[in-house]
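Colleague: After the structure tokens below, expect a handful of questions from me.
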Amino acid sequence: KPTALADLLQEHMPVFASNAEAQIVTPSFLRKLQKDAAAILATEGYFSPQIVFEKNADETRLEVKIDAGKRTVIKEVVFNLTGSLMADVQAQKPAAVERYERLVKEWGLPRGAAFRQSDWSQSKTATLESLRGLTYAGATLVDSRANIDAETDTAVLELDIDSGAEFFFGDLQVSG
């Protein structure tokens, strides 16, 4: 019975497709196959897969058995914020504190959520868009890290964000 992970592997690795051409099986081919499959599974949060190759009885087919293992979940999210927003938060300005708290609350990969590469990318983009959409048009993502602990199947996500300066519209002046 096909699973979402099997479908994912078939989609990204033509060798797993039902209409795949026969391959010459060498040790280097198997290493590449194992490495590629592990990399694809990692995008879905599976960082400790067990991949086993077995030949059938007449040695005409190679069976690939994959145990994806446990999916990695978010243990912690750390926002390292710099710029005028952080300065205003430290000065306890209510609007800035509220804005920062909303930014953290709206983060797309909260503690306990499954780690997926696409969700990680989308969450970072949404956070920057949120900042830029208000008064921090120059906000930038300075750095980001997904620190994966494969032994505990957890991830600590860290983001270094510079809000930049606040941008405001000045008085409207019409001439002519």
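Colleague: Taking the DSSP beta bridges in the chain as the whole, what percent of them are antiparallel, to the nearest 5? Show your work: numbers first, answer last.
Modeller: On the way: 16 of 25 bridges.
Roughly 65 percent of the beta bridges in the chain run antiparallel, per DSSP.
Colleague: Given a cut-off of under 8 Å on Cα pairs at least six residues apart, what relative contact order in percent is computed for the stretch 29-176? The partial results should precede the final answer.
Modeller: Values: 230 pairs, mean separation 38.7, N = 148.
Worked out over the stretch 29-176, it gives 26 percent.
Colleague: Right, something else. Would you mind working out the magnitude of the charge dipole of the stretch 1-54 relative to its Cα centre, with +1 at each Lys and Arg C-beta and -1 at each Asp and Glu C-beta, to the nearest 20 Debye?
Modeller: Values: 4 positive and 6 negative charges, 36 e Å.
In total the dipole reaches around 180 debye.
Colleague: Also, quick follow-up: For the chain, find the longest principal axis of its Cα atoms and tell me its angle to the long axis of helix 117-133, 0 to 90°, nearest 10.
Modeller: Around 10 degrees separate the two axes.
Colleague: If you don't mind, another one. Under 17 Å Cα-Cα from residue 105, which lysines qualify once same-chain neighbours fewer than 8 residues away are excluded?
Modeller: 75, 124
Colleague: Now a separate question. Lys/Arg Cβ at +1, Asp/Glu Cβ at -1, dipole of the chain taken about the Cα centre: which of 37, 96, 170 is farthest positive-ward?
Modeller: 37
Colleague: I'd like the accessible area for residue 166: 1.4 Å probe, protein heavy atoms, all chains in place, Å² to the nearest 10.
Modeller: Its accessible surface works out to 70 Å², give or take rounding.
Colleague: Now for a different question. If we sort 97-107, 67-77 on the protection proxy, mean other Cβ atoms within 10 Å, highest first, what's the order? Please list the in-between numbers first.
Modeller: Working: 97-107: 14.1, 67-77: 16.1.
Going from most to least packed, we get 67-77, 97-107.
Colleague: In terms of Cα to Cα distance under 16 Å, which aspartates and glutamates are near enough to residue 70, apart from those fewer than 8 places away along the same chain?
Modeller: Qualifying aspartates and glutamates at Cα under 16 Å: 44, 149, 151, 153.
Colleague: Taking every pair of Cα atoms in the chain, average 1/r, invert it to obtain the Kirkwood radius, and report Rg/Rh to two decimals.
Modeller: Values: Rg = 23.4 Å, Rh = 19.6 Å.
Dividing the radius of gyration by the Kirkwood radius yields 1.19.
Colleague: A further question on this structure: Angle, helix 27-42 long axis vs. longest principal axis of the chain, Cα atoms, 0 to 90°, nearest 10?
Modeller: Long axis of 27-42 versus the principal axis of the chain: about 40 degrees.
Colleague: Let me ask another. Please calculate how many Å² of accessible area the stretch 28-176 carries per residue, with a 1.4 Å probe and no DNA, RNA or ligand atoms counted. Write down the numbers at each step before the final one.
Modeller: On the way: 9290 Å² over 149 residues.
Value returned for the stretch 28-176: 62 Å² of accessible area per residue.
Colleague: Next up: Percent of accessible area on the stretch 1-125 owned by carbon and sulfur, 1.4 Å probe? Walk me through the numbers on the way to the answer.
Modeller: Working: 4230 of 8250 Å².
C and S atoms contribute 51 percent here.
Colleague: Normalising by the residue count of the stretch 1-61, find the relative contact order in percent from Cα pairs under 8 Å and 6+ residues apart. Provide the component values of the computation, followed by the final result.
Modeller: Working: 21 pairs, mean separation 16.1, N = 61.
Relative contact order here is 26 percent.
Colleague: Further question on the same structure: Using θ = phi - 60° and the Karplus relation 6.51 cos²θ - 1.76 cosθ + 1.60, list the HN-Hα couplings for the stretch 92-106 in order, rounded to whole Hz, with x at every Gly or Pro.
Modeller: Working through the residues one at a time gives 6, 6, x, 5, 5, 4, 4, 5, 5, 4, 5, 4, 5, 5, 7 Hz.
Colleague: Next up: Expressed as a fraction of 2.2 N^0.38 Å, the rule-of-thumb size for a compact globular protein of N residues, what is the C-alpha radius of gyration of the stretch 114-176?
Modeller: Numbers: Rg = 17.6 Å, N = 63, 2.2 N^0.38 = 10.6 Å.
After normalising by residue count via 2.2 N^0.38 Å, the value is 1.66.
Colleague: Suppose every K and R has +1 on its Cβ and every D and E has -1 on its Cβ; what is the size of the dipole of the chain about the Cα centre, in Debye to the nearest 20?
Modeller: On the way: 19 positive and 26 negative charges, 42 e Å.
Computed charge dipole of the chain: roughly 200 debye.
Colleague: Rounding to the nearest 20 debye, state how big the charge dipole of the stretch 74-176 is about its Cα centre with +1 on each Lys and Arg Cβ and -1 on each Asp and Glu Cβ. Show your work: numbers first, answer last.
Modeller: Values: 10 positive and 16 negative charges, 42 e Å.
Around 200 debye, computed over the stretch 74-176.
The values are calculated or read from the model by the stated rules, or taken from the named source; none is laboratory data. The structure displayed is predicted, hence computed values, not measured ones. All Cβ positions, even for glycine, are placed from backbone atoms using ideal geometry, and neighbour counts span all protein chains on display. When the accessible area is computed, the model is the full protein with side chains, heavy atoms only, and any ligands, DNA or RNA have been set aside. Shrake-Rupley method; radii C 1.70, N 1.55, O 1.52, S 1.80 Å.
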